[in-house]
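The values are calculated or read from the model by the stated rules, or taken from the named source; none is laboratory data. This one's a predicted model, so the numbers in the text were calculated from it and none came from an experiment. Cβ sites come from the backbone with ideal geometry, for glycine too, and all protein chains shown count toward neighbours. Accessible surface is based on the protein model in full, side chains and every heavy atom, while ligands, DNA and RNA are left aside. Shrake-Rupley method; radii C 1.70, N 1.55, O 1.52, S 1.80 Å.
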Amino acid sequence: MKYLLKDQETERILFREVDSSHFNDWLAFHKNPLTSLHWNSELESPEKECKKWYDKQFHRYENNLGGMNSLIEKQSGELIGYCGLLIQTVDEKTELEIGYSLLPKFWKKGFASEAAIKCRDFAFENDLADSIISIISLTNKPSENVAIKNGMTVDKKTDYHGNAVNIFRISKSQWKKLKSK
């Protein structure tokens, strides 16, 4: 579980291990059609999709494949969404990804960037990778903006699970230059 940001925090966010206590809160994410707007896949009922999402996180935890962290707003104690470091295979190469998904009520408030930057810094400070990616649909401009704020640039375009995506990347050397400014 070296990839989890256990008990980490930012100015506005607490990072916690995922548990199923937020299932009903996260179910609202799966019920909102805007949350799957940029991703092509066969979706089941929101309840089944939410259960599959949690099962995937627990599988990641058990198999040291990284995983999402629950993001809790310090001020309200509410679940904001999830962000974390994930082991992914892209074009037959194993990569460390920063993934993020937020509940719509927390969109456009800077929480995704704040969480993603914390994940980036944690990964490089703990020597978890020489570079980090974010896998983003070609149509998902808000997520692209988060990646750009995280110091990432487009490395390549590819197909990921039937979706046309940009692979955004930042290297450890780029991060060091960014931090020295």
Legend entry - Diffusion constant of the chain at 25 °C, which comes from Stokes-Einstein with the Kirkwood Cα-pair radius and 0.890 mPa s, µm²/s: 148 µm²/s
Legend entry - Over the chain: helical MRE at 222 nm, DSSP H runs n ≥ 4 each giving -39500 (n - 2.57), nearest 500: -10000 deg cm²/dmol
Legend entry - Heavy-atom accessible area per residue - the chain, 1.4 Å, Å²: 53 Å²
Inset, instruction - Against the globular-protein guess of 2.2 N^0.38 Å, express the Cα radius of gyration of segment 68-134 as a ratio, rounded to two decimals. - result: 1.19
Legend entry - In order through segment 61-70: 3J(HN,Hα) via Karplus (6.51 cos²θ - 1.76 cosθ + 1.60), integer Hz, x for Gly, Pro: 4, 5, 10, 6, 10, x, x, 6, 10, 5
Inset, instruction - Calculate the spin-label point distance for LYS105 paired with SER76, positioning each point 7 Å from the Cα along the beta-carbon direction, and give it in nanometres. - result: 0.4 nm
Legend entry - Selected from LEU138, MET152, ASN163, residue furthest toward positive end of dipole (the chain; charges at beta carbon): MET152
Inset, instruction - Compare the peptides 52-64, 135-147 by average per-residue count of other Cβ atoms within 10 angstrom and give them in order, highest first. - result: 135-147, 52-64
Inset, instruction - Just the number, please: carbon plus sulfur as a percent of the accessible area of the chain, 1.4 Å probe, no ligands or DNA/RNA counted. - result: 49 percent
Inset, instruction - Run the numbers on the chain and let me know its relative contact order in percent, using alpha-carbon pairs under 8 Å that are six or more apart. - result: 19 percent
Inset, instruction - Please report, in debye to the nearest 20, how large the charge dipole of the chain is about its Cα centre when each Lys and Arg carries +1 at its beta carbon and each Asp and Glu carries -1 there. - result: 680 debye
Legend entry - Derived scalar couplings ³J(HN,Hα) [segment 79-96; Karplus, 6.51 cos²θ - 1.76 cosθ + 1.60; whole Hz; x for Gly, Pro]: 5, 8, x, 9, 8, x, 9, 10, 7, 10, 10, 10, 6, 6, 10, 7, 9, 9
Legend entry - Dipole of the chain, positive direction: furthest Cα of LEU27, SER173, GLY99, with charges on the beta-carbon: SER173
